[in-house]
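Derivation of every value follows stated rules applied to the coordinates shown; laboratory data play no part. Fair warning: this is a prediction, and the values are worked out from it, not measured in the lab. Here the Cβ is made from the backbone with ideal geometry for all residues, glycine too, and neighbour counts use every protein chain on show.
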Amino acid sequence: MIEVEHLTKKYGDLVAVSDLSFTVAKGKIWGLLGPNAAGKTTTMRVLTGYLPATDGKATVAGFDVFQQPNAVKKIIGYLPEVVPLYTEMTVSDYLSFVAALKQVPAAKRKAALDRAIRVSGLASVKGRLIKNISRGFKQRVGIAQSLIHNPDVLILDEPTIGLDPAQIIEIRELIKALRGDHTIILSTHILAEVTQTCDGVVIINEGRLMASGSLEELTASFHEKDRVLLRLRRGHEDAMTSLRSIPGVEKVSRHDGELAIEWNPGKDLREEVSRMAVEKQWGLLEMKTAAMNIEDLYLRVVSGGGEP
Amino acid sequence: MRNIWNIAKKEIKTYFTSPIAYVAIAVFLVLVGFFFYSALSWFNSQTIQMAQNPYYAQQININQMVYTPLFHNMSIILLLMLPLLTMRLFSEEKKTGTDELLFTSPVNVGQIIVGKYLAALVVLGAMLGLTFLLSVFTFAYGNPEVPQILNGYLGLFLMGAAFIAAGVFFSSLTENQIVSAILTFGALLLFWILNWAAYSASGMWKDVLNYLSIFQHFDDMTRGILDTKDIVYYISFAFFGLFLTHSVIQSRRWR
């Protein structure tokens, strides 16, 4: 449904997005995950036709974003980072204006308005001026405007930012309820948002792609390498070399007094490791398995670790 | 066309649901009313004196003595007020981020510009239209020439339309409304007084400066002269302003 190929966007000399490629399948929710200033907003602005790309190609439902912008804009609903609200208007006036802007036929506008208000839970504030409603409701109005023309694709830039925990859960439930009918890309710098709402993730940092795929794919790729963490009282140096001699062990590394031992997929070397620790009297204090997960990957990305 | 109307409708609504349009119209009417009153009082006292002398009595002309100065005064008020009406048109969208909604909707940039332009024209139309009421007095107690008055109003409207186009252009340049208003006012005033420089210029430059001056074209129209050259001037001024706006918005997105 959404295909991005070698997308590059520069602001003058500043490279915001560099050679980014990913695809999102129809009906899925995909998270665009990255720390602040990773290029998430820029990517979304290019996809929605707000900004032209410096290089590369993006298609939405087969339409080229740069060649057929109006065709793409008709089927995209977009919630920008700063919710675009005319605060002097009432909620329903604003939504009917957006409906007209998105070319919902006049005869269907009333129904579209009612649907957006119902789905986003805005019935209680629809007659009020936008400037007088709370932050959470404003965010909902933002989501409602992105939904008003029942677009095939929804692009939501940090949909839960600035909300309280209860509101975050509500918005997440709302987004999940839209799965299937709509293909959704949402950006966030919060990992939990991805693991709780998304089917897949694109992790970017400093404009470059770090990893992408469905959550299952990514998790599966991490499980291939099992590892244990050891906490010892003494003999770390000896342990580093001795453990490497166990057949099948691929890597031994040390951080913060813990030794991490990784081995090839398909094996289970926990027994050998523990036996060696006892025999050599390193003073085994703790031993735990630790499968690598998306969190580790994301933390590495955020802390500047580079490739997984 | 429907897109233009949707944008225009929303902008008109914004003008009239906020105090902007009402304050602008009310202040305009108070000022115009004051100028009209003083012009009319002066005219009354003049006519009493002039009527004593058969030669001067021939010269009494309500169009020239009341309407021409009134139209000039109105044009100055428009010069001061229209930049304030247009300053928010694009600046505010940029500042509040609502431009992101407009430019990601299936609407062309040209349609957005024209829609906003038309909305400001409607406010201008309301401002000028309501001053027609003043003529009730002149028609009740005198016999002014209608075509000449209409010609003056046409001049005011065309000039206002040119002012608004300049305002739309400067509004697209900055997200700061005050900067936008100052730039508009400064540029319009410069165009207004361009014919001053024409006094000392000679040859072709004299003609060019005179042609470019906003005031020169308006002056003819208040005197009842309807010349296509003046109409073409204002329309091309407005068109050029909107065309520049289009270029600014497009180029900003490509930067």
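Classify region A:150-211 from the C-alpha gyration tensor, please: rounded if a/c falls under 1.5, else prolate or oblate depending on whether a/b exceeds b/c. Please list the in-between numbers first.
On the way: a/c = 1.88, a/b = 1.19, b/c = 1.58.
Since a/c reaches 1.5 but b/c is at least a/b, the shape of region A:150-211 is classed as oblate.
Can you figure out the FRET efficiency of B:Ala51 with B:Asp227, using R₀ = 35 Å and their beta-carbon distance, to the nearest 0.05?
Details: r = 34 Å, r/R0 = 0.96.
So, using R0 = 35 Å, E works out to roughly 0.55.
Can you give the average number of partner chain beta-carbon atoms within 10 Å of each beta-carbon in peptide B:91-104, as a whole number? List each step's numbers first, then the result.
Details: counts 0, 1, 2, 0, 0, 6, 6, 7, 3, 12, 16, 3, 8, 19.
Average neighbour count from other chains, rounded to a whole number: 6.
Given only helices, namely DSSP H runs of n ≥ 4 each adding -39500 (n - 2.57), what is the per-residue ellipticity at 222 nm of chain B, to the nearest 500 deg cm²/dmol? All intermediate terms of the calculation are to be shown ahead of the outcome.
Numbers: 14 runs with 210 residues, N = 255.
Estimated from H runs of four or more residues: -27000 deg cm²/dmol.
Could you list log10 I(q)/I(0) for region B:2-254 at q = 0.08, 0.18 Å⁻¹, which the Debye formula gives when each Cα is one point scatterer?
The Debye formula, applied to the Cα set alone, gives -0.36, -1.37.
Principal axis lengths of region A:137-269 from Cα atoms, whole Å, largest first?
Principal axes ranked by extent give 65, 28, 27 Å for the Cα atoms.
Give me the distance between the Cα centres of region B:46-60 and region B:66-108, rounded to whole Å.
Here the answer is 44 Å between Cα centres.
Compute log10 of I(q)/I(0) for chain A with the Debye formula, placing one identical point scatterer on every Cα and leaving out solvent, at q = 0.09, 0.12 Å⁻¹, to two decimals.
Rounded to two decimals, the profile gives -0.56, -0.83.
Among the listed pairs A:Lys40/A:Lys288; A:Lys102/B:Lys94; A:Lys9/B:Lys95, give every one whose C-alpha distance is greater than 26 Å. Display every interim value, and only then the final one.
Details: A:Lys40/A:Lys288 36 Å; A:Lys102/B:Lys94 20 Å; A:Lys9/B:Lys95 23 Å.
Among A:Lys40/A:Lys288; A:Lys102/B:Lys94; A:Lys9/B:Lys95, the Cα-Cα distance tops 26 Å for A:Lys40/A:Lys288.
Run the helix sum for chain A: -39,500 (n - 2.57) per DSSP H stretch of 4+ residues, divided by residue count, reported at 222 nm to the nearest 500 deg cm²/dmol.
About -10500 deg cm²/dmol.
Out of all DSSP beta bridges in region A:1-86, what portion is antiparallel? Express it as a percent rounded to 5. Walk me through the numbers before you get to the answer.
On the way: 14 of 14 bridges.
About 100 percent, rounded to the nearest 5.
Under 5 Å between amide H atoms, partner at least 5 residues away or on a different chain: which partners does A:Thr183 have, H built in plane at 1.01 Å?
Distant-sequence amide H within range of A:Thr183: A:Gly27, A:Val153, A:Leu154.
For peptide A:97-103, how many partner chain Cβ atoms fall within 10 Å of a residue's Cβ, on average? Mind showing how you got there, number by number?
Values: counts 7, 4, 1, 9, 11, 6, 6.
Mean partner shielding for this stretch: 6.
List every residue whose amide H lies under 5 Å from the amide H of A:Ala16, counting only residues 5 or more places away in sequence or on a different chain, with H placed 1.01 Å from N in the peptide plane.
A:Lys9, A:Lys10, A:Tyr11
Can you give the log10 of the normalised intensity I(q)/I(0) at q = 0.14, 0.16, 0.28 Å⁻¹, computed with Debye over equal Cα scatterers of region A:99-154?
-0.36, -0.46, -1.17
Which percent of Cα-Cα pairs in region B:1-55 sits in each 5 Å bin, short to long?
So the P(r) values, bin by bin, are 4, 16, 11, 11, 10, 10, 8, 7, 7, 6, 5, 4, 1.
Over all distinct alpha-carbon pairs, what is the Kirkwood Rh of the protein assembly as shown in angstrom? Display every interim value, and only then the final one.
Values: mean 1/r = 0.0351 Å⁻¹.
For the protein assembly as shown, inverting the mean 1/r across all distinct Cα pairs yields 28.5 Å.
If you average the C-alpha positions of region A:144-205 and of region B:147-166 separately, how far apart do those two centres end up, in angstrom?
51
Take the Cα pairs of region A:1-157, get the Kirkwood Rh, then feed it into Stokes-Einstein at 4 °C and 1.567 mPa s and tell me D in µm²/s. Could you put the intermediate results ahead of the total?
Working: Rh = 16.5 Å.
So the translational diffusion coefficient is about 79 µm²/s.
Share of antiparallel DSSP beta bridges in the protein assembly as shown, in percent to the nearest 5? Provide the component values of the computation, followed by the final result.
Values: 38 of 57 bridges.
Just about 65 percent of them are antiparallel.
If you average the C-alpha positions of region B:176-255 and of region A:236-281 separately, how far apart do those two centres end up, in angstrom?
Region B:176-255 and region A:236-281 have Cα centres spaced 82 Å from each other.
Which translational diffusion coefficient, to the nearest whole µm²/s, is obtained for region A:226-291 from the Stokes-Einstein equation, given a Kirkwood hydrodynamic radius over C-alpha pairs, 25 °C and 0.890 mPa s? Intermediate results must be reported in sequence, preceding the final value.
Numbers: Rh = 11.5 Å.
Stokes-Einstein gives a translational diffusion coefficient of 213 µm²/s.
Can you compute the modelled spin-label distance between A:Ala107 and A:Lys57, with each label point 7 Å from Cα toward Cβ, in nm?
Spacing of the two 7 Å Cα→Cβ label points: 3.9 nm.
Karplus couplings for region B:145-157 from phi (6.51 cos²θ - 1.76 cosθ + 1.60, θ = phi - 60°), rounded to Hz, Gly and Pro as x?
Using θ = phi - 60°, the values come out as 7, 5, x, 5, 5, 4, 4, x, 5, 4, x, 4, 5 Hz.
Provide the per-residue ³J(HN,Hα) series for region A:110-123, in order, calculated from phi with Karplus coefficients 6.51, -1.76, 1.60 and θ = phi - 60°, each as a whole number of Hz, with x at glycine and proline positions.
After applying 6.51 cos²θ - 1.76 cosθ + 1.60, I find 4, 5, 4, 5, 4, 5, 4, 5, 5, 4, 8, x, 10, 3 Hz.
Around A:Tyr78, which amide H atoms from residues at least 5 apart in sequence, or from another chain, sit under 5 Å from its own amide H, with H modelled in the peptide plane?
Close amide H contacts, sequence-distant or interchain: A:Ile155.
Once both labels are modelled 7 Å past Cα along the beta-carbon direction, what's the B:Lys9-A:Lys288 spacing in nm?
Once both label points are built, they end up 6.2 nm from each other.
At A:Ala177 and B:Trp42, where each label point lies 7 Å from the Cα along Cα→Cβ, what is the point-to-point distance in nanometres?
6.9
Enumerate the calculated ³J(HN,Hα) couplings along region A:235-251 in order (Karplus 6.51 cos²θ - 1.76 cosθ + 1.60, θ = phi - 60°), each rounded to whole Hz, writing x wherever the residue is Gly or Pro.
Using θ = phi - 60°, the values come out as x, 4, 4, 4, 4, 4, 6, 5, 5, 5, 7, 5, x, x, 6, 9, 7 Hz.
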